[in-house]
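As structure tokens, the structure follows; a few thoughts come after it.
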């Protein structure tokens, strides 16, 4: 069986490969510059990066998850999506390097000791700063974005299919429940009709029994009318006493139940009023907290803008102060060159020739260009200053609008509180009315 089983790859082919060691290799096309650049950027953006020691990497390795042979050179690069499918959250190499740099900077700012793994990474990463730039063109970046959008679209389509299946199952359940409700309704109607028929029969039977009893009573007590009349009178009196006693008990019980119901309603109303008061107070506290948070955020933003504005103003003042100093230096340099080239004080005469003044103009040109750049930077700084000033004005307008909204909410709350107090007074649910009611009940008891 082992001889008949085909090899997992052409690299594991049996004896035929020994006769022709290069016959099993498939012919591959040489990759162009764009494909090589794309493959390089894919490796650079992968979470684990590139293998810096390829001589120690075997041609075929064993997968630690499934046990199958894997050829690293024929495999795809593991990206963030590969780790996401395996349930592992990883970032790209560029993002992880940025996080490590940020952790090192934070540790340096706090004056703490940098962990050994970050130090080792920093030493290994010193020579790789130039290779981390993105060399993809616009078409390649757009192709990567299209691939990401297609993956997201597939995920959304899967979610839509799942929702459609849930909708179909719920629709079937609704239809089934409607059928069961109809059957139950028909059964209930049938039972009600049967109950009504039996009640009619029972009423007729009772009427017939009463009629037969009356006939039997007339036939039995015809000769004893007086005795029957006395017995009937006694029975009527006893029934009347029983009815009166029942009526008294019912009235007493009804009054007790009514008193309990009134007390329960009163407690319920008190709880409702307390809940309303608590809700209003909670809403008031939430509004106050929100206003305080908005005020804090506004102050923080305005403070940051003012600090940046002051820094820009100091920078502008420094640049403006540097202009006269540089102009004076240029004038002094020109005076020295002219004095050296036009007079006979300098020695030797060849060094004081007039043509050497043209060679000495180079520093003046340099400073002139620097002056132009300084003016341009000053103009840009002024534009940014105007933008920050405009932003401050906009934030002040937002602050005024927020203040007006807060005042309106406060006025509305006071109005509602006053209306609630008047409503309690009209309904007799304020503290004085409730106190009088309790005193009246206590006096009655």
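Some observations on this one:
- Two-site label geometry, residue 406 and residue 251: point separation in nm, points 7 Å out along Cα→Cβ: 6.6 nm
- Counting 0.36 nm for each residue step from residue 180 to residue 117 and taking away their Cα separation leaves a gain of 15.9 nm.
- Length available on full extension from residue 323 to residue 336: 0.36 nm per residue minus the Cα-Cα distance, which gives 2.7 nm.
- With 0.36 nm allotted per residue and the present C-alpha distance subtracted, the residue 138-residue 219 stretch has 17.2 nm of extension available.
- Using the Cβ-Cβ distance between residue 264 and residue 105 with R0 set to 60 Å, the FRET efficiency from 1/(1 + (r/R0)^6) comes to roughly 0.30.
- Residue 76-residue 381 pseudo-label distance in nm [points 7 Å out on the Cα-to-Cβ vector]: 5.3 nm
- Rough spin-label spacing in nm, given labels placed 7 Å along Cα→Cβ, for residue 277 and residue 297: 3.4 nm
- Given R0 = 56 Å, the distance between the Cβ atoms of residue 364 and residue 35 translates into a calculated FRET efficiency of 0.60.
Where a number appears in this text, it was derived from the coordinates with a stated rule and is not lab data. Values in this document were obtained by computation on a predicted structure and should not be read as measured data. Every residue, glycine as well, gets a Cβ built from its backbone with ideal geometry; the counts of neighbours run over all protein chains shown.
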